[in-house]
Every structure is written in C-alpha cells, then in structure tokens.
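A short write-up of the structure that comes next.
The values are calculated or read from the model by the stated rules, or taken from the named source; none is laboratory data. Everything quoted here is computed from the prediction, not taken from an experiment. Neighbour counts run over all protein chains shown; Cβ positions are idealised from the backbone, glycine included. Heavy atoms of the whole protein, side chains included, go into the accessibility calculation; ligands, DNA and RNA do not. Shrake-Rupley method; radii C 1.70, N 1.55, O 1.52, S 1.80 Å.
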Amino acid sequence: SSADIPEIPESISHCRALQVADFSGNPLTRLPESFPELQNLTCLSVNDISLQALPENIGNLYNLASLELRENLLTYLPESLAQLQRLEELDLGNNELYHLPETIGALFNLKDLWLDGNQLTEIPQEVGNLKNLLCLDVSENKLECLPEEISGLTSLTDLLVSQNLLQVLPDGIGKLRRLSILKVDQNKLIQLTDSIGDCESLTELVLTENQLQSLPKSIGKLKKLNNLNADRNKLTSLPKEIGGCCSLNVFSVRDNRLSRIPSEISQATELHVLDVAGNRLTYLPLSLTTLKLKALWLSDNQSQPLLTFQTDTDPETGEKILTCVLLPQMPSEPGCQDNLPRCGALESLVNEMSDETWNERAVNRVSAIRFLEDEKDEEDNEMRTLLRRATPHPGELKNMKKTVENLRNDMNAAKGLDSNKNEVNNAIDRVTTSV
C-alpha cells in the first residue's frame, strides 16, 4: 500500500497461494482482468486507488472474507458480487454508488457492511436477509426511508444512519433486540417510533439535529440506555417516563424549547451529566438534588460544570423548586436589545446620557438571559438562542465614560466650527482614533 505503484501486472494471477493483498493508496485505476484467478485470496484491500469499476467476475474470489473498497469512484456493483458467500466484511464507503443491487441480500455471512458517503436514495428490502449482520453504516447518503424488512437484522448491534433525509424510522426497528448503538442525527425526523422502547439492548441513542417535538413514553423502557443525545431539536416537553432509564449516565437536550424538566428525572439514579442549555426553563425540579450530578449545563456562557442553587416556591403551583442566577429564562420583550456597547455606537450615549444617568444605569443594570422570539428563530436559524446583557468590568466602565466625555467635548467643539469643514473632519478623525 501507498507505494506509488501505477499498475498491477496481469502476471499476478500466478501467485496462486496469495491470501492477503493490500494495494490501498496507490495511483491505480483498475484491477487486472486476471485478478479473480487468485482463488485463495481471503483479504483484499484496495482503498483510495481511484477505482472506477470492479472486474465483472469478482465473484470468482469465493474464499474472500474481507473486501475493502473505500474511497474510490465506484458507481455500480457487478452481479457476481453475490457469489462471495464467505464474505464477512464489505466496505464500500465514500464511493459514488446510486443503487444497491438486490443480490446484496445473498451475502448471508456478512457481519459488517459500510455504505456511508454514497448517493443511495433507498436500501433494498433484501438487506433484511442478512441475519448475521452486526454493523450497518448507511450514513451520509440521501435515504428518505428505511425498509420495514430491516427488522430481519436480528443480530445487528450498530445501526448508523446519520446525515440522511429520514422523517420516520420503521416500526420494525423494535425487533432489533440486540441493537446497542443507534445514530440518527442530522436527519429530518418529525417523530420517534414507539417501538424504540423494544430495543432492550440499546446503550447509545443519538437524535441530534432533527425536527422532534416530543419523545415517546416508551423510551422509559430502555433500561440499559447510557447516553441519550437529542440536542438541537424542537422538543417542548419530556415524558415523565424518562426516569425509567435507570442506567442513563449522560442526557443532553441542548437547544430545544423545553420550559420544564419532569421531576421524575431523579429516578435515573446513574445520571451524572445533564445538559439543558439553550432552552426556556423557568426553574428546575427540587428532586434534582438527589442525583449525584458531576455537570449540569444551563447556559452557553456557563464557565463551571455546576452552579450554586437556591430552593424557591413556584408562585403558580406552590411546588418547591430550584433556581439560580441563570433562571428563569424569560422571552425577550420589544426594546430589550439596548445592551451596553463595548466599542461602538458611542454617539447615542453622548446625546442620551449625562454623568448621573450613566451611574444610575450602571447601578440598576439587570443581568438576564433572554432568547429570541419564535418568528426570529425561524427566520434566522444561525442566530444564537440566548442573549446576555453585557456586564463591563469596572475598568472598562471608566474607559468608556472617559471616551464618551472626550467624544462629547469634541462634538460640541465641532458644532462651533461649521464654517470650517476641515476642522470638523479633524475632530471626527480624533474621535475615531480614540475609540
């Protein structure tokens, strides 16, 4: 591999005892037609060689157990591939495949199948015949759905479908009782099937960057779930059944629309990291104090993993709650964007602010976390959800005040020099330099 070999000679077919061949990273574009005569070959690696097509008789390599074809230019797979009955590992990642032949379902001994980084719009239902498959990676494609027959992958432990166009998952996914890792991040999921609760072996569930507004109650049945990430969705509430995830260690729902956390979260006694930053929480449940949290994230600007909390009473329900300097997070009101500037817009301060009003505003300043209205969220998804009023250091306040005073004096002096435009321009230049 990586030896600047421009071509493999046809005479390689005479190496009849050859079992392992790795030509990865060479400037090759093809395999010799005689290559499939190497019938003792068990492992073939031809990653990143700009391969445009496989020999049509590739199926003659009937002893092949591992075939690595990653990072090439393959656009189709020959029918004879189905003859590789002993194949256990097939890596087709990062090619240009638009279609997967139905004959893929004939590779009954396949354990690992990588199809990530292609142009696939569908997976044939015959994939459900791969009863021995342990890992299926179809991430970074253009899939709009998964076949219901995926339920036949009864040995599957890892299912990776990140960065596709999925709106739903098939109900048959609940029959994958050995599934341990499920990654569906960066799709278009609008709901999560109730059958997810039947994936009894699930330890990691990644739902980041979808369109989910809620999680199913059945999620509480996932007793082995260790890591649950649902960041950057549209969640407005969490089911109280989430407390049933008794092995949950890391729970992250950053950048959603949650207004409260159910008190039942305390039933997840193994929870150590809780990330609820970028939501709309007014308080936290008192039951949170029973957990042995190592990190609780409430704000993007939070510098410490844990905060100092105080107990309080919800005025509406009378319920005892937890609050802190970052709570409550209230919707912004019109006109609340008058944050103290650090560098610019000092002209407005000259006209609006005397020494007394400056000091008065500094004393009465309120430190608050606010977020944008829904309409603005929809218009500009790039905009940060939380806005914090600037709180300058006392030294900064003194410098800002001095700059304002100098600017006011220069501008007043400039008013008396209307007849001399050059003098006015020089004053403005001095102001710009001082700022």
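Points to keep in mind about this one:
- Residues of region 207-243 that are under 19 Å from residue 145 (Cβ atoms) and either small (Gly, Ala, Ser) or touching a strand residue (DSSP E or B) at 6+ places or on another chain (Cβ under 9 Å) (or both): 207 alone.
- Residue within region 207-215 that is part of a helix (DSSP H, G or I) and surrounded by 19 or more Cβ atoms within 10 Å (Cβ to Cβ) present: no
- Test: residue in region 109-127 that is in contact with a Gly (Cβ under 7 Å, 6 or more places away or on another chain), assigned to a helix (DSSP H, G or I) and among the charged types (D, E, K, R): yes
- Residue tally, condition open to solvent by 20 Å² or more (accessible area, probe 1.4 Å) and either among the charged types (D, E, K, R) or touching a Pro at 6+ places or on another chain (Cβ under 7 Å) (or both), over region 94-116: 4
- You will find that of 1, 24, 11, the residue that is of a type outside the set (Lys, Arg) and either touching a residue at least 60 places away in the same chain (Cβ under 8 Å) or not in a loop (DSSP other than H, G, I, E, B) (or both) is 11 and no other.
- Criterion violated by residue 85 - all others in (1) of a type outside the set (Lys, Arg); (2) in a loop (DSSP other than H, G, I, E, B); (3) over 29 Å from residue 154 (Cβ atoms) satisfied: (3)
- Neighbours by Cβ (under 6 Å, 6+ apart or cross-chain): first from region 145-158, farther than 15 Å from residue 108 by Cα; second in a loop (DSSP other than H, G, I, E, B): 146/170; 147/123; 148/170; 157/134; 157/178; 157/180
- Which listed residue, of 67, 51, is within 34 Å of the chain's Cα centre (by Cα) and assigned to a loop (DSSP other than H, G, I, E, B): 51
- Of the listed requirements (1) outside any loop (DSSP other than H, G, I, E, B); (2) under 24 Å from residue 245 (Cα atoms), residue 178 misses just one: (1).
- Condition met for residue 144 (open to solvent by 40 Å² or more (accessible area, probe 1.4 Å), modelled with pLDDT of 95 or more and either in a loop (DSSP other than H, G, I, E, B) or among the hydrophobic types (A, V, I, L, M, F, W, C) (or both)): yes
- Close pairs from region 262-278: first within 22 Å of residue 232 (Cα to Cα) and open to solvent by less than 10 Å² (accessible area, probe 1.4 Å), partner of a type in the set (Gly, Ala, Ser) and part of a helix (DSSP H, G or I), Cβ under 6 Å, at least 6 apart: 265/243
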